[in-house]
Amino acid sequence: MDSGLYAACTAMMARTDALDTIANNLANSSTNGFRERHTTFSSVLAGSGEPLESQLNVVTNSYGLLGNSHLDMQSGSLTRTNNELDLGIDGPGFLAVQTAGGVAYTRNGSLQISTKGQLVTQNGDPVLGETGPITIPSGTPVSISADGTITAQGAIAGKLKLVEFSATADPQSLGSTYYTVPPKDVVNSTMSQVRQGMVESSNVNPVSSVVELISAQRALEGMRHALTMIDTEIDKTAAQDIPRIS
Amino acid sequence: MIRALYTAASGMTAQQLNLDNIANNLANSSTTGFQQRRLAFSDMLYQNTVAPGSAATQQTTNAAGLQVGLGVRPTTTETIQTQGDFNATGNPLDLAISGAGFFQILLPNGQTGYSRSGSFNLNSQGTMVTADGNPLDPAITIPPNATNITVGSDGTVTVTQPGTTAATQVGTIQMALFINPGGLNSVGNNIYLETTASGAPVIGTPGGSEGLGTILQGNLEESNVSVVDQFVQMIVAQRSYESNSRVVKAADEMLQQLNQLSQ
């Protein structure tokens with residue numbers, strides 16, 4: 001059978017996987033601190049290593065696969081909520097969170113105070129300060145300065161630990177707007193500022209998501225036409241018509 | 001493909017819940033002492049097809065992994081603890097709390113409920129009760145011949161009676177404070193109940209060092225719902241619902257293309 005048939009088939013599978021990622025981005029367009037993922041396609045040369053006989057083979061044997069998906073680190077817009085425990089991060093920084101599975105990082109600054117008096121995320125995991133979890137006395141107005149210093153009852157309760165990821169890092173999504181990178185890729189953030197009473201909305205761009213959606217849909221449609229053509233025009237001719245002539 | 005369908009469906013369900021919550025906030029925008037709730041979302045699990053940093057060949061590693069997320073889930077509807085505006089009514093039994101405290105209300109089942117709504121009335125025994133007839137805890141009883149009721153900012157209730165010039169103290173309103181008021185359980189009728197998330201109440205008199213806040217007599221606390229903000233949220237929810245339904249349609253059309261292959 002023609003390798004073109006499998007190339008078209010692989011491309012269709014890659015486009016359906018791409019649709020899953022687009023669907024996830026759009027489903028999370030209201031998730032605070034969410035970072036959208038983009039997919040990249042990569043080509044695989046079938047039978048690579050062998051000398052190519054003609055330029056034509058390069059094209060016909062090149063399969064389009066879904067190579068990887070990477071996180072879009074662009075900031076979402078900061079929305080004012082006036083809630084004193086909502087923190088928006090202006091800059092590339094992330095909050096450090098102590099989860100059951102180790103330290104994770106988040107941009108979702110919609111925080112709460114646990115019954116233990118600790119500053120926690122919506123999942124109840126303590127947010128880390130420079131010296132561990134931050135405890136806030138109850139019933140007092142909390143003020144958080146731009147550098148992350150938390151003041152309650154006129155005393156400093158702690159300073160938020162803000163980190164950023166190195167440019168080469170590939171953050172992994174853990175769900176619950178938590179992200180993780182290997183420890184070597186974490187550096188203290190000096191460029192980030194905390195904005196109290198604001199929350200960062202998801203960075204999903206509905207326009208580009210819908211464009212990606214349409215292009216995935218149309219690419220799949222194109223591949224289907226290619227498949228039909230290979231099947232009806234070429235393979236059918238080869239399998240049915242040519243034997244009949246001879 | 002089927003993943004995309006379910007992912008988009010999770011987005012639509014979440015936005016529907018969001019709209020339900022916005023509708024309740026808007027419906028209660030004139031409810032005294034109502035505190036708006038905010039629905040928070042978080043992304044669900046991810047399927048890792050290629051782990052980041054895994055070996056691509058013996059010498060090289062994959063620069064980025066291949067992770068596919070599986071949608072969104074609504075996590076919490078947290079009450080927003082901002083102060084509502086004060087509405088001066090002049091009624092001596094209308095009390096507003098300026099601060100973070102709650103009134104303690106004795107419910108018919110013996111439980112203590114907590115409320116920010118300070119619109120009190122007197123029942124036939126002269127006890128201060130809520131609009132539903134539930135008394136304040138501890139109960140404050142006003143003598144029938146009282147001519148003037150004064151509630152101080154520290155919760156002291158005094159009355160003047162005919163024939164005397166000095167005011168008589170009839171009780172002190174006590175309030176409760178929670179470490180995490182966002183974790184209180186709303187049961188309707190402006191009543192919240194304590195939960196393990198909210199923590200045990202700290203009980204004290206208003207104006208003290210606990211940070212309960214002070215009482216303002218002759219005022220009511222309006223709901224803290226910002227109508228403009230809710231309308232903006234509503235538009236966002238509607239558009240997000242729309243884009244998710246667009247994904248369902250696209251996934252359906254792509255499946256249709258695949259089904260037509262065999263024809």
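Read-outs throughout are calculated quantities, based only on the coordinates presented, and are distinct from any laboratory measurement. This structure is a prediction, so every number in the text was calculated from the model and none was measured. All Cβ positions, even for glycine, are placed from backbone atoms using ideal geometry, and neighbour counts span all protein chains on display.
Before moving on, here are some points about what is shown:
- J(HN,Hα) series, the range B:55-60, from Karplus relation 6.51 cos²θ - 1.76 cosθ + 1.60, nearest Hz, glycine and proline x: 6, 8, 9, 5, 9, 10
- Cα centroid separation - the range B:42-63 against the range B:95-165, whole Å: 63
- Arranged from fewest to most other beta-carbon atoms within 10 Å of their beta carbon, B:247, B:225, A:207 become A:207, B:225, B:247.
- Span from the the range A:115-152 Cα centroid across to the the range A:6-46 one, whole angstrom: 37
- ³J(HN,Hα), Karplus 6.51/-1.76/1.60, whole Hz, each residue of the range A:177-188, x for Gly, Pro: 6, 9, 10, 9, 9, x, x, 5, 8, 9, 10, 5
- Distance between modelled label sites at residue A:214 and residue B:253, nm, 7 Å Cα→Cβ extension: 0.9
- At full extension, residue B:60 and residue B:109 could sit 10.8 nm farther apart than now, given 0.36 nm per residue minus the alpha carbon distance.
- Expected 222 nm ellipticity per residue - DSSP helices of 4 or more, -39500 (n - 2.57), all of the protein assembly as shown, to 500: -8000 deg cm²/dmol
- Other protein chain Cβ atoms within 10 Å, averaged over every residue that makes up B:244-256: 5
- Pairwise FRET efficiency - residue B:98 versus residue B:169, Cβ, R0 = 30 Å, nearest 0.05: 0.85
- Taken along the Cα-to-beta-carbon direction at a fixed 7 Å, the label points for residue A:84 and residue A:143 span 1.1 nm.
- Most fluctuating residue given options B:229, B:94, B:20, as computed from a GNM of chain B linking Cα atoms under 10 Å: B:229
- Using alpha-carbon coordinates, inclination of helix A:3-27 to the longest axis of chain A, degrees: 20
- Choice from B:208, B:218, B:65 with maximal GNM fluctuation in chain B (Cα, 10 Å cutoff): B:65
- Pairs of lysine residues in the protein assembly as shown that meet both criteria, 8 or more places apart or on different chains and Cα atoms under 25 Å apart, total 4.
- Residue A:68 long-range amide H proximity, modeled H, under 5 Å: A:40
- ³J(HN,Hα) computed for each position of the range B:241-248 - Karplus, 6.51 cos²θ - 1.76 cosθ + 1.60, integer Hz, glycine/proline x: 4, 4, 5, 5, 5, 5, 5, 4
- Virtual spin-label span in nm between residue B:153 and residue B:89, 7 Å along Cα→Cβ: 2.2
- Ranked for footprinting exposure by Cβ neighbours inside 10 Å, fewest first, A:224, A:107 give A:224, A:107.
- Residues B:30, B:119, A:202, sorted so that the one with the fewest Cβ neighbours within 10 Å comes first: B:30, B:119, A:202
- Put simply, the amide H of residue A:120, placed in the peptide plane, has neighbours under 5 Å in A:112, A:113, A:114, A:127, leaving out anything fewer than 5 places away on its chain.
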